[in-house]
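To start, the structure under review is shown below, and the notes come after it.
Values quoted throughout were computed directly from the atomic coordinates according to the rules given, and no laboratory measurement underlies them. No experiment lies behind these values; they were computed from the predicted model shown. Reconstructed Cβ throughout: ideal geometry from the backbone, glycine too, with neighbour counts over all protein chains shown.
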């Protein structure tokens, strides 16, 4: 059973269930947090940090491996996303942010096989073009985890990833991701044409957003400046998919 009060790690990245996230840990408070989690075999909470505050919905991270330890106490770790949660109450008295959380369960909503099929086709095409390799993680993947797999694997705007994390049914997540196939923007424009992502961002405590990816070493594609080139490549694929016969059958373009 997961604890109700957990340490929180605000960061400019969205961790999704099942996704891997390598981190370079150097601040003393987070080094102690990692040490405690390893000793207690517990998880910590990842929250998206933005200029205006932190999101209230996040995902717990399990430390699956310490890949490197440095003489000065820094360390490289590999984490995996586990359980979505919503922060009920924040505790800011100590240097390490903590919070009471409610763990979020999915609603059982029947999926749309057509949307799922289109999403798989889009994912295969985009992944192959962007990474010059066919996605191997589709084999054996559970249908209820498809949306998380797609959103984690492809470079995507952080607020879109946050929105996927906050949706509480696999059918809703797949439908939202299927909007990618109806992109009509120019190659250098936004990845999607529709919808203002409504992530539940609230003002965080002072200093909650100080840990940014360029400092803590979160290995996200966005922070490496990789995403814009991917958008240009991927938009060509999306336009081709959307313009094929029946390509926009999930909704009006």
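Observations on the model:
- Residue 70/residue 108 FRET efficiency (R0 45 Å; Cβ-Cβ; nearest 0.05): 0.45
- Zone of residue 168's modelled label, taken as backbone nitrogen in the stretch 86-114 under 19 Å from a point 7 Å along Cα→Cβ: 86-89, 100-111
- Computed from the C-beta positions of residue 117 and residue 78 and an R0 of 30 Å, the FRET efficiency is 0.40 to the nearest 0.05.
- Length added when fully stretched, residue 94-residue 129, from 0.36 nm per residue minus Cα-Cα: 8.0 nm
- The Rg/Rh ratio for the stretch 46-186, using Cα coordinates for both the radius of gyration and the Kirkwood hydrodynamic radius, is 1.01.
- Extension gain for residue 52 to residue 139 (0.36 nm times residue separation, less C-alpha to C-alpha distance): 27.4 nm.
- With neighbour counts taken as other beta-carbon atoms within 10 Å, the residues 127, 24 rank, fewest first, as 24, 127.
- Size descriptors for the stretch 1-115, from the alpha-carbon set: Rg then Dmax equal 15.1, 54 Å.
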